[in-house]
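**Student:** So that we are looking at the same thing, I have put the structure below in structure tokens.
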Amino acid sequence: MQSILAKRQELYNYFENIKKSNKEEECLTGFNILTKLLENIKNNKSELQYRVIKTSNKAISTKLMNLIGIKELLIKIGFELKNENYCFDNNDFDNLEISLGILHQYKDEIGEKVYVIEQGRKIEQNKEVMKEKQKVLQKLNDKKKQREDIERLIEEDKKERKEKYGDKINNQKK
């Protein structure tokens, strides 16, 4: 029988393979789902409904089962493929417990990276928004200057007309 340390290292290698073969955001989402599924089994050991991973479930099929290497990991944890579902039929919870520990470690690690990536994206989006705002403000300032120039020309034209035709206009009004 394998020692706990050897089991942990072997499972760790499976998780590491998944982490290297998939995008971090996808790993985080899939690992969150897997954590919930494994915790349900751990917390409800005698209830068979929690021991089945239904691959027909949309969230499971698109967010967990699409991870490269996940099927091999599920088998290593102790699941068996039966009628397109993964069933945990044994009572050896060592691999399940070890996997939960590794999952929590990876979720924290990947979660921090994903957070930093998301913050970077937000900063870039904010930079783009600021650039757009600056463009709009520049256009507004250009229009304001253009309007002021037109108003100045109108005033100059009025003044010039008044000087040139002022007496004639005043005499015609009388």
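**Student:** Starting from region 19-45, take each residue that is touching a residue at least 40 places away in the same chain (Cβ under 8 Å) and surrounded by 14 or more Cβ atoms within 10 Å (Cβ to Cβ) and list its partners that are among the charged types (D, E, K, R) and part of a helix (DSSP H, G or I), counting only C-beta distances under 6 angstrom and pairs at least six apart or across chains.
**Tutor:** From region 19-45, the pairs are 24/113; 27/19; 30/63; 31/107; 41/51.
**Student:** For region 20-54, which residues satisfy the criterion of being outside any helix (DSSP H, G or I) and in contact with a strand residue (DSSP E or B) (Cβ under 9 Å, 6 or more places away or on another chain)? Don't jump to the end; show me each part of the working.
**Tutor:** Step one: of region 20-54, the residues outside any helix (DSSP H, G or I) are 22-23, 44-47, 52-54.
Within region 20-54, 52, 53, 54 qualify.
**Student:** Suppose we keep only residues that are outside any loop (DSSP other than H, G, I, E, B) and under 14 Å from residue 25 (Cβ atoms) within region 63-77. Which one would you say is nearest to the chain's Cα centre (by Cα)?
**Tutor:** Looking at residues that are outside any loop (DSSP other than H, G, I, E, B) and under 14 Å from residue 25 (Cβ atoms), I get 63.
**Student:** Could you tell me whether any residue of region 106-125 is free of Cβ contacts under 8 Å to residues at least 40 places away in the same chain, part of a helix (DSSP H, G or I) and over 22 Å from the mean Cα position of the chain (by Cα)?
**Tutor:** Looking for residues that are free of Cβ contacts under 8 Å to residues at least 40 places away in the same chain, part of a helix (DSSP H, G or I) and over 22 Å from the mean Cα position of the chain (by Cα), one finds none in region 106-125, hence no.
**Student:** Exactly one condition in (1) modelled with pLDDT under 80; (2) in contact with a strand residue (DSSP E or B) (Cβ under 9 Å, 6 or more places away or on another chain); (3) not hydroxyl-bearing (Ser, Thr, Tyr) is false for residue 96; which is it?
**Tutor:** (1)
**Student:** Return the residue satisfying two criteria in turn: it lies in region 74-88 and is surrounded by fewer than 17 Cβ atoms within 10 Å (Cβ to Cβ) and of a type in the set (A, V, I, L, M), and of such residues it is farthest from residue 8 (Cα to Cα).
**Tutor:** Among them, the one singled out is 81.
**Student:** Could I ask something else about it? Report whether or not residue 169 is part of a helix (DSSP H, G or I), modelled with pLDDT of 80 or more, of a type in the set (Val, Ile, Thr) and surrounded by 10 or more Cβ atoms within 10 Å (Cβ to Cβ). Reasoning before the result, please.
**Tutor:** Values: part of a helix (DSSP H, G or I): yes; modelled with pLDDT of 80 or more: no; of a type in the set (Val, Ile, Thr): yes; surrounded by 10 or more Cβ atoms within 10 Å (Cβ to Cβ): yes.
Answer is no for this residue.
The values are calculated or read from the model by the stated rules, or taken from the named source; none is laboratory data. Given the structure is predicted, the values throughout are model-derived calculations rather than measurements. Methodologically, a virtual Cβ is constructed for each residue, glycine included, from the backbone with ideal geometry; neighbour enumeration extends over all protein chains shown.
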